[in-house]
1. May I ask you to derive the FRET efficiency for Ala21 and Thr127 from their Cβ-Cβ distance with R0 = 22 Å, giving the value to the nearest 0.05?
2. About its Cα centre, what dipole magnitude does the chain give when the only charges are +1 on Lys and Arg Cβ and -1 on Asp and Glu Cβ, stated in debye to the nearest 20?
3. Restricting everything to alpha-carbon atoms, can you work out Rg to Rh for the chain with a Kirkwood hydrodynamic radius?
4. If I require 15 Å or longer along the helix axis, counting alpha carbons, and a Kyte-Doolittle average no lower than -0.5, what helices from the chain are left? Use full DSSP H segments.
5. Which listed residue (Ala144, Ala108, Gln4) has the Cα farthest towards the positive end of the charge dipole for the chain, taking +1 on Lys and Arg C-beta and -1 on Asp and Glu C-beta about the Cα centre?
6. How much length would be gained if the chain were fully extended between Ala61 and Ala73, taking 0.36 nm per residue of separation minus their Cα-Cα distance, in nm to one decimal?
7. Taking just the alpha-carbon atoms of region 70-166, what radius of gyration and Dmax come out, in angstrom?
8. Using a 10 Å cut-off around each Cβ, can you sort Ile11, Ile161 from fewest to most neighbouring Cβ atoms?
Amino acid sequence: MTPQEILYRGIRMVLSPPGDAPFRLDAQVFEEDTYLVLSAKTELREPEEHPLKIWTAVHEAEPKAPGTIHVTAGSPLRFLAIVHDLEQSPTWTEDWVSSALDQVFLEAESRKLRGLALPPLGTLHGTLRPQRFTGLLRQALDRAELYHLERLWILAPPGDIPFVDA
């Protein structure tokens, strides 16, 4: 499937499915919940720490605030967008998605990132319509003051996210 490319506010946006990145990534965004469960690795492996230490950490864990992001190290960096609270129904809100998008762009600018991968937040583990995500994304881009971001990879097949040239 051929990626779809558009230019929006000077940012080259590429819509293509997850796989090989179409350009160098400085950070990748993941759809996440308040306890960081959704992006956790699912493979079974022997724990590296004593089970009592793991249990204590789980018991003392504090939830992250919805609408924020949590950045973890790596190359590329991992931006965990907190858009779900698994104790609520529905687990997400448009306000949380919108706020997380704002936070992603603020963090990207503060770190002077040039390439960013972004899934359509709220659509993977939630029921946000792709068309509505597009609107929230455009609004966040219009609010953001971006001087460094040059490339944005939307992790979705062309046609799934109706991003029309503006």
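1. Numbers: r = 28 Å, r/R0 = 1.25.
Here the calculated transfer efficiency is 0.20.
2. Numbers: 16 positive and 24 negative charges, 110 e Å.
It comes to approximately 520 debye.
3. Working: Rg = 16.5 Å, Rh = 16.7 Å.
Using Cα coordinates only, the ratio equals 0.99.
4. Going by DSSP H runs, the hits are 94-110.
5. Gln4
6. Details: separation 12, 0.36 × 12 = 4.32 nm, distance 1.94 nm.
Full extension from Ala61 to Ala73 adds 2.4 nm.
7. 13.3, 38
8. Values: Ile11 15, Ile161 20.
In order of increasing Cβ crowding within 10 Å: Ile11, Ile161.
Read-outs: derived from the displayed coordinates by stated rules, not from any lab. Keep in mind that what you see is a predicted model, and the values were worked out from it rather than measured. No Cβ is skipped: glycine too gets one built from the backbone with ideal geometry, and neighbour counts run over all protein chains shown.
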